[in-house]
Structure formats: structure tokens, C-alpha cells
Amino acid sequence: MPQMSLSTARVVDPVLTTIARGYKNADMVGPALFPTVPVVQRGGKIIQFSKEAFRTYNTGRVPGSATKRVQFGYASTSYALESHSLEGVVPFELMEDVAVAPGIDLGAASIATVQDIIALRLEKAQATLATTAGSYAAANKTTLSGTSQWSDYSGTSDPAKDVETAKEAVRAAIGRRPNTVVMGAVVWSKLVQHPKVLDRIKYTGRDRATTDLIAALFGVSQVLIGDAVAATDADVISDVWGKFVVVAFTELGSVRDRGRPSYGYTYQLNNYPIVEQPYQDRNAKSWIYPVTDEVAPVLAGAEAGYLISAAVA
């Protein structure tokens, strides 16, 4: 009987638990512009107060005259959640193969991957809402071109000035200055090399701009970089946030304080997303791991934001 060799016997290569090659997207920045609001129903109404506090009233009163009154009004806007589900599939054979390598949990890995995919879908939906120029009034958007683009270092482009223009447009519309700037990764890569930015930070002791330094330069609470990428079925990869910059005031507010003039929200069913009970598909000889989310991002107030399109070439 011939001796069995490695070439004739099936050998399961141990899976390295400390080294694994894979693809995982960057942290999502969409929630900064569209903070999550838990809701208990899949559809409903949101109270929205109007701008009475901006108006000036003649509050003067002479003795014996009637005191003037003001009634604060509100309207309700509707929301409707969308259901998104995806199932991870792990064949029985793979389960058996990794059983020889302690510490491997393909079920948990499958769930994590599905959650990442669902999160990317939400990030892309948020980015699409934020970067659609038609959603903004003329005073709350601009498209840069030629020497005005931040990738032009000839001396005419000025990122800080552009952001200041955006901040003033938002303040004029809602009475508050923006607190958040989100930009695409390619925009950030050009911004940190801009001569005017480097000149402003040269006395800070840093040789490269950081998001904290740029936030201080722009006068906002946070600057976030949209590093996430998305691939088509043909594996063509593109940046989710493109060449855009969004400057916005975003903050949750309660009914007690009459809310906040926030830019956007993400309405999400309470306690979602959920990982459902895994089940076996005997026909496919696989374990199935379902994940479901009930969610809907909305651009609640475009006047609380400012869109800079084509920020770089």
C-alpha cells in the first residue's frame, strides 16, 4: 500500500488567529451630521418649532394698556423608517475546517461583516443626502472651480475663508454658527498641504495639520474625514464623500427647549440594529446569520448646512 503523502491527503491549514487579511471600512462620519434619534414606531410625526424667537416685537407698554402677546407655533413633519436586512452565510464545511483552530468564530465574523455592510449602506445614504446640491438654497452652497479649488496652491484659493463664508451663511439662516465640518478624504489630503493652512499652523509646533488643528483654524467643534469607500459589483471603488465639504450645525434638542435647528437626523427603531437567531439552511448546508436594521436618515434643515462642491480638482 503506497504511503500517504501531504499531496494525497487533505490538509487543513490552521487559520492564524492573530494575523488575518481582509477588508474593513473606516469609521463612519455620517452620524456626526445625522445623529441617531431612537424612535418607538416605524412611522410618526416630529415636532418642529418655527422662528418666532428671531422676530423683534414692540414690547413697550404704557400704563393701563393691554400687554402684547405672542403665540409660539409648531408644525409636525413625518418620518417613515426603511427596513434593511442581510444574512451572512457560513457553510457547514467551513465551520468544520476552522474547528481545529481554537478561537475562530466564523459566526461572529459573519455577523460583523454583515453589520459593516449595513453600516456602509447607511453612510452612503447619509452622504448622498448631504452632498445633493439641489437640497440647498442658493445662499447655502457653492461650487469651486479653477484657482478657487483647495487643490490650487497658486495663492488664490483660501479654505479658511471659504469655511468662514459657509459659517456666516448658516448663522444668518438659523442664528447659530456651525459646529461640524465633514469632508471627503481626497479633500483632506489636499487641504493639509495647502500653503495657507501650513502657514497658519507653523507656530503650533506641528509639522502636519491634524483634525483638531483644522477645527481650531475653522472655528468649529470638530472636523471629520470621510474615509469610507464603496465598491460596485465590478469592484470599482470610489470615495463615499467624494470631493465635497459640508459645514453644518448639528445637535439634538428636546421639546422642552423647543429643539435645535439641527441639520439632520437618523431616525432608528429603538434597540436596532438587531442580530436575529441564527438558523440552519439544510438545503444549502449552511448556518445563516440574519441582521436587520430599521432606519431612515433625513435632511431635517438644509438651512443649517452649507455645501461646498468640487472643493478640489
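The values are calculated or read from the model by the stated rules, or taken from the named source; none is laboratory data. Here the structure is a predicted model, which means the values were calculated and not measured. Heads up, the Cβs are rebuilt from the backbone with ideal geometry, glycines too, and the neighbour counts pull from every protein chain shown. When the accessible area is computed, the model is the full protein with side chains, heavy atoms only, and any ligands, DNA or RNA have been set aside. Shrake-Rupley method; radii C 1.70, N 1.55, O 1.52, S 1.80 Å.
Just to confirm the number: angle between the C-alpha axis of helix 159-174 and the first principal axis of the chain, 0 to 90 degrees, nearest 10?
Roughly 60 degrees, rounded to the nearest 10.
Over every pair of different alpha-carbon atoms in the stretch 185-313, take the mean of 1/r and invert it; report that Kirkwood radius in Å.
Working: mean 1/r = 0.0532 Å⁻¹.
Across the stretch 185-313, the inverse of the average 1/r is 18.8 Å.
Want the number for Leu198 to Lys24: 0.36 nm per residue separation, take away the alpha-carbon distance, what's left? Display every interim value, and only then the final one.
Details: separation 174, 0.36 × 174 = 62.64 nm, distance 3.16 nm.
Full extension from Leu198 to Lys24 adds 59.5 nm.
Taking the Cβ of Asn58 as the centre, find all other residues whose Cβ is under 15 Å away and add up their charges (Lys, Arg: +1; Asp, Glu: -1). Spell out each step's value before the answer.
Working: positive: Arg55, Arg61, Lys68, Arg69; negative: Glu52.
Overall, the nearby charge balance is +3.
Scaled to the compact-protein estimate 2.2 N^0.38 Å, what is the alpha-carbon radius of gyration of the stretch 71-220, rounded to two decimal places? Walk me through the numbers before you get to the answer.
Details: Rg = 22.9 Å, N = 150, 2.2 N^0.38 = 14.8 Å.
Relative to the rule-of-thumb radius for its length, the stretch 71-220 sits at 1.55.
If we sort 296-303, 88-95 on the protection proxy, mean other Cβ atoms within 10 Å, highest first, what's the order? Intermediate values should be presented prior to the final figure.
Working: 296-303: 20.5, 88-95: 15.5.
In descending order of packing, they fall as 296-303, 88-95.
Between the helical axis of 106-130 and the dominant principal axis of the chain, each derived from Cα atoms, what acute angle in degrees is found, rounded to the nearest 10?
30 degrees
Beyond 32 Å between alpha-carbons counts as too far, so tell me which of Lys202/Lys243; Lys167/Lys190; Lys24/Lys45; Lys68/Lys161; Lys45/Lys141 fall in that bin.
Values: Lys202/Lys243 26 Å; Lys167/Lys190 21 Å; Lys24/Lys45 36 Å; Lys68/Lys161 43 Å; Lys45/Lys141 29 Å.
In this structure, Lys24/Lys45; Lys68/Lys161 exceed 32 Å between Cα atoms.
Assign unit charges at the C-beta atoms only (+1 for Lys and Arg, -1 for Asp and Glu), then state the dipole size of the stretch 233-283 relative to its Cα centre in Debye, rounded to the nearest 20. Don't skip to the end; give the middle numbers.
Numbers: 5 positive and 7 negative charges, 84 e Å.
Roughly 400 debye, rounded to the nearest 20.
Skipping prolines and chain starts, which residues have an amide H placed within reach, meaning under 5 Å, of the one on Tyr265, given they are 5 or more residues away or on another chain?
Result for Tyr265 returns Val298, Ala300.
With charges set only on the Cβ (+1 for Lys and Arg, -1 for Asp and Glu), what does the dipole of the chain come to about its Cα centre, in debye to the nearest 20? Could the numbers behind the result be given before it?
Details: 30 positive and 30 negative charges, 389 e Å.
Its charge dipole is roughly 1860 debye.
Where nothing but the Cβ of Lys and Arg (+1) and of Asp and Glu (-1) is charged, how large is the charge dipole of the stretch 78-195 around its Cα centre, in debye to the nearest 20?
Values: 9 positive and 13 negative charges, 202 e Å.
Result for the stretch 78-195 is approximately 980 debye, rounded to the nearest 20.
Of all accessible surface on the chain at a 1.4 Å probe, what whole percent is carbon and sulfur? Write down the numbers at each step before the final one.
Working: 9890 of 18500 Å².
After summing per-atom areas, the C and S share lands at 53 percent.
Say the dipole of the chain comes from +1 at the beta carbon of Lys and Arg and -1 at that of Asp and Glu; which of Ser85, Ser110, Val245 then lies farthest toward its positive end?
Ranked along the dipole, the leading option is Val245.
Give me the 1.4 Å probe accessible area per residue for the chain, excluding ligands and nucleic acids, in Å².
Working: 18500 Å² over 313 residues.
In whole numbers, the chain has 59 Å² accessible per residue.
Go ahead and run the numbers for FRET between Ser254 and Ala66, Cβ-Cβ distance against an R0 of 41 Å, rounding to 0.05. Each step should come with its number before you reach the end.
Numbers: r = 33 Å, r/R0 = 0.80.
Rounded to the nearest 0.05, the efficiency is 0.80.
At q = 0.10, 0.11, 0.16 Å⁻¹, work out log10 I(q)/I(0) for the chain with the Debye formula, treating every Cα as an identical point scatterer and leaving solvent out; two decimals please.
Debye output, listed in q order: -0.74, -0.84, -1.29.
Only bridges with both residues in the chain count here: give the DSSP antiparallel percent, nearest 5. Intermediate values should be presented prior to the final figure.
Numbers: 37 of 49 bridges.
Once the DSSP bridges in the chain are tallied, antiparallel ones form about 75 percent.
Report, in whole Å, the centroid distance computed from the Cα atoms of the stretch 87-159 and the stretch 292-313.
Distance between centres, Cα-based: 14 Å.
Amide H of Gly259: which non-local residues (sequence gap of 5 or more, or other chain) have their own amide H closer than 5 Å, using H built in the peptide plane?
Those lying under 5 Å, H to H, from Gly259 are Ser254.
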